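Notes to accompany the following structure.
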Amino acid sequence: MSDSILIDTGDLRFIEGHGQLVVKSHGGRIEAEFHNLEGPRFLTKYMRGKPVELAPRVASRICGLCYTVHSISSAEAVERALGMKISEDVKKLRNVLYMANNLRSHLIHLLFLSIPPVEGLISALRMRDMNIVRMGANILSKATELIEVWGGRSVHVPNVIVGGFGKAIKCKELLRPIHDLAMLSNDAEQLVRYALNLELPELERYRILAALKRPGSYPIYAEEANVAFSDGSALSPSEYYEGLEKVSKDYSTSKHVYFKKSEITVGALSRIMLNKRYLSSRARELAEEVEWGLNPFLNIKAQAIEVLHYMDELISLGGELAEIPPENLKPEDIKAHRDRGTGFFVAEAPRGTLCHYCEIEDWKVKDYRVYTPTAINSKSIENDAVELVKRFKPIGSQKLRFILEDMVRSYDPCLSCAVSLDIYE
């Protein structure tokens, strides 16, 4: 029996990159295909044979939104391959900048890509409460300024290098944007409350959630954290990496990534479900007002909660940054370390658990791989699409199309990131 198309979203709106969701009926079964329409970038292939110093700069080009986390994750993977031990001060500053990147990315998604279409609007400029947009834009501006002060520019920051930072950072200069963020703290709470009051569809479907977990903290960038799963199990980062499996799809320019041949879901909702007790006090208090569950639409509210958490964390760490002397951030000579090895790094990017892997020989990149959250979540998007169509089919395909688009957007997919694990690899 030939396939019949039930719903074709066409080019999905309000997402990063170009994608399409197609739901088909095949032999009496409903199947979904999440198509990545972006062209392969071949960035990981480009790295092969290049000096290891280039890896963080090339990795930052994977994405125009997550460039900071890709740069840092790449530097960390290379450092592990070389056997380098970076200072605690470098780790501290990288953690701060990871949070600034996640804060910035969440705000872009909430303000411009998710809240307007959920409310049936074509633009944030059509929102009834424009004050929410202004407040969010102000916070977004300060988060971007924090990244600029550290990285030298707002996009594809060049200051992340293997072993530390390329240009001396006067950490006291970081206090100005952090102070400005503190002044916007109440505005952030209003924005979060607005997001928490959104009416979202109900779509509970069992799946295994995964996120970094470390007792006593809400880990984003933490080498000591394990990867925890909602079934109660936990693995070391190395065991997690070994379980990742890339799967080619003939309808997509990006691969799907399974974990031990099964679906897992990563992202803000997974982090909240597994680490809610370690949120900042304000964020945790608001999080308690939400009835959390295995509903992908709740990822929007989870991102909003994290906005408040990241702001609180950045504000609280401001005083510690001022005490870091610039000389503690200078990198060591790469050639003083071993010339070959393998390394990987697992962290929490805006859209979920991210893994960078590299193999080095003669201080050159022999192999490089990136396992992105969107590639991991692609299977979950397809399974949720099938479940959604089964449950809401009576409302008709036209209305279903819009709900399906909102469901895909709730994952905040980054299709540019997903093609970094090239289909032709």
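The values are calculated or read from the model by the stated rules, or taken from the named source; none is laboratory data. Computed from a predicted structure; not experimentally measured. Here the Cβ is made from the backbone with ideal geometry for all residues, glycine too, and neighbour counts use every protein chain on show.
Among the residues making up the stretch 18-43, those that are closer than 23 Å to Ser420 by Cβ, modelled with pLDDT of 90 or more and not aliphatic (A, V, I, L, M) are His18, Gly19, Gln20, Glu33, Phe34, His35, Asn36, Glu38. Checked across the stretch 343-350, the condition of being in a loop (DSSP other than H, G, I, E, B), β-branched (Val, Ile, Thr) and at negative phi holds for no residue. Mind listing whichever residues of the stretch 205-232 are at pLDDT below 95, within 30 Å of Ile132 (Cβ to Cβ) and out of contact with any Phe, Trp or Tyr (no Cβ under 8 Å at 6 or more places or on another chain)? Scanning the stretch 205-232 gives a single hit, Pro219.
Leu196 meets all of the listed conditions (1) modelled with pLDDT of 95 or more; (2) touching an Asp or Glu at 6+ places or on another chain (Cβ under 8 Å); (3) over 25 Å from Glu291 (Cβ atoms); (4) not aromatic (Phe, Trp, Tyr) but one, namely (3).
Restricting Gly83, Gly64, Gly28, Gly49 to those that are closer than 27 Å to Asn383 by Cβ and not β-branched (Val, Ile, Thr) reduces the list to Gly28. Scanning the stretch 67-78 finds one or more residues that are more than 28 Å from Leu298 (Cα to Cα), in contact with a Ser or Thr (Cβ under 7 Å, 6 or more places away or on another chain) and in a helix (DSSP H, G or I). Considering Pro56, Pro51, the condition of being touching a residue at least 24 places away in the same chain (Cβ under 8 Å) and either closer than 24 Å to Arg104 by Cα or crowded, with 24+ Cβ neighbours inside 10 Å (or both) is satisfied by Pro56 alone. Being hydroxyl-bearing (Ser, Thr, Tyr), surrounded by fewer than 24 Cβ atoms within 10 Å (Cβ to Cβ) and touching a residue at least 24 places away in the same chain (Cβ under 8 Å) is a property that Thr342 has. Taking the criterion of being over 19 Å from Ala347 (Cα atoms) and loosely packed, with under 15 Cβ neighbours inside 10 Å, the residues of the stretch 239-259 that qualify are Val247, Ser248, Asp250, Tyr251.
Between Asn383, Asn299, Asn328, the distinction of being surrounded by fewer than 23 Cβ atoms within 10 Å (Cβ to Cβ) and within 19 Å of Gly267 (Cα to Cα) belongs to Asn383 only. Checked against (1) within 14 Å of the chain's Cα centre (by Cα); (2) assigned to a helix (DSSP H, G or I), Ile62 passes all but condition (2). Of all residues in the stretch 1-27, those satisfying the criterion of being part of a strand (DSSP E or B) and within 30 Å of Cys358 (Cβ to Cβ) are Glu16, Gly19. Is it fair to say Leu174 is closer than 17 Å to Leu103 by Cβ, crowded, with 19+ Cβ neighbours inside 10 Å and more than 22 Å from the chain's Cα centre (by Cα)? So Leu174 passes the test.
Within the stretch 198-218, can one find any residue that is surrounded by 19 or more Cβ atoms within 10 Å (Cβ to Cβ), among the hydroxyl-bearing types (Ser, Thr, Tyr), in contact with a helix residue (DSSP H, G or I) (Cβ under 9 Å, 6 or more places away or on another chain) and in a loop (DSSP other than H, G, I, E, B)? Yes: one or more hits. Going residue by residue through the stretch 373-380, is there one that turns out to be at negative phi, assigned to a helix (DSSP H, G or I), surrounded by fewer than 18 Cβ atoms within 10 Å (Cβ to Cβ) and of a type in the set (Lys, Arg)? The answer is no; no qualifying residue exists.
Scanning the stretch 71-83 for residues that are over 16 Å from Arg48 (Cα atoms) and in contact with a Pro (Cβ under 8 Å, 6 or more places away or on another chain) yields Ser71, Ile72. Within the stretch 170-188, the set of residues being in contact with a helix residue (DSSP H, G or I) (Cβ under 6 Å, 6 or more places away or on another chain) and in a helix (DSSP H, G or I) comprises Cys171, Lys172, Glu173, Leu174, Leu175, Pro177, Ile178, Asp180, Leu181, Ala182, Asp187, Ala188. For the stretch 116-127, filtered to residues that are in a loop (DSSP other than H, G, I, E, B) and among the aliphatic types (A, V, I, L, M), the residue that is surrounded by the most Cβ atoms within 10 Å (Cβ to Cβ) is Met127. Selection within the stretch 128-161: residues that are closer than 26 Å to Ala55 by Cβ and touching an Asp or Glu at 6+ places or on another chain (Cβ under 6 Å). The member of this set that is surrounded by the fewest Cβ atoms within 10 Å (Cβ to Cβ) is Ser154.
Within the stretch 28-38, one or more residues are assigned to a strand (DSSP E or B), closer than 23 Å to Glu348 by Cβ and in contact with an Asp or Glu (Cβ under 8 Å, 6 or more places away or on another chain).
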